[in-house]
1. Any idea which of 83, 5, 43 is in a loop (DSSP other than H, G, I, E, B) and over 26 Å from residue 106 (Cα atoms)?
2. If you go through the stretch 93-102 one residue at a time, do you hit one that is modelled with pLDDT of 90 or more and of a type outside the set (Val, Ile, Thr)?
3. Condition (residue is loosely packed, with under 11 Cβ neighbours inside 10 Å, small (Gly, Ala, Ser) and modelled with pLDDT of 95 or more) applied to the stretch 11-28: is it met by at least one residue?
4. Of all residues in the stretch 45-77 being farther than 21 Å from residue 100 by Cα and surrounded by 10 or more Cβ atoms within 10 Å (Cβ to Cβ), which is farthest from the chain's Cα centre (by Cα)?
5. Given the criterion of a type in the set (A, V, I, L, M, F, W, C), outside the structural domain of residue 95 (by TED's automatic domain parsing) and within 30 Å of residue 95 (Cα to Cα), identify the matching residue among 18, 42.
6. Of all the residues that make up the stretch 95-107, how many are free of Cβ contacts under 8 Å to residues at least 12 places away in the same chain and among the aromatic types (Phe, Trp, Tyr)?
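The values are calculated or read from the model by the stated rules, or taken from the named source; none is laboratory data. Note that this is a predicted model, so its numbers are computed, not measured. Please note: Cβ atoms are built from the backbone with ideal geometry, for glycine as well, and neighbour counts cover all protein chains shown.
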Amino acid sequence: MSNVSLSISVSEELKEIIMQRTRSGYFGTPSEYLRHLVREDISRNAGIRKMEDFIQQGIDSGASSTLRGQDLEAGIERGLVDSAAGRTMSSDEYFESIKTNLVKKYG
C-alpha cells in the first residue's frame, strides 16, 4: 500500500505527546505513531462490532438465565483485580475464548 500525505492540526499538548512517543524510540517518526493509533482504533472498533453481534445473537436466541446482583458485582471485582494484575487479553483473544467455551458447552 502506498503512502499519501495528510496534514493535520493538533494542539501544542498533543504535539508534545506525539513527539515524546517518537523520542522514546518505540516509533521512528510521528507518522509511525499516528498510523499505530489508527490501526489500534480500527482493531478496537472491530472488537466492539464483534461484541455487539455476539450480544445481538444472545438476544435473538431468546435463551436467558438470571444473574443476581452479587454475582455481577463479584464478576466485576474479579475483572478489576485481573486488569490491575496485568491479566488482560485482546478483544480477538477474548472472543475466541468465548467461542471455545460455547462450543464446549453447546457443541
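1. Working: 83 fails: in a loop (DSSP other than H, G, I, E, B); 43 fails: in a loop (DSSP other than H, G, I, E, B).
Only one candidate qualifies: 5.
2. Checking the stretch 93-102: not a single residue is modelled with pLDDT of 90 or more and of a type outside the set (Val, Ile, Thr).
3. So the first thing to find is which residues in the stretch 11-28 are loosely packed, with under 11 Cβ neighbours inside 10 Å, and the list is 11-13, 20, 23-26, 28.
So of that shortlist, the ones also small (Gly, Ala, Ser) come out as 11, 24-25, 28.
Now drop any that are not modelled with pLDDT of 95 or more, which leaves 11.
Checked against the condition, which is being loosely packed, with under 11 Cβ neighbours inside 10 Å, small (Gly, Ala, Ser) and modelled with pLDDT of 95 or more, the stretch 11-28 yields at least one hit.
4. Ranking the qualifying residues of the stretch 45-77, first place goes to 71.
5. Working: 18 fails: within 30 Å of residue 95 (Cα to Cα).
When all the criteria are applied, what remains is 42.
6. We begin by selecting, within the stretch 95-107, every residue free of Cβ contacts under 8 Å to residues at least 12 places away in the same chain; these are 96-97, 99-107.
Adding the requirement that they be among the aromatic types (Phe, Trp, Tyr) leaves 106.
So the answer is 1.
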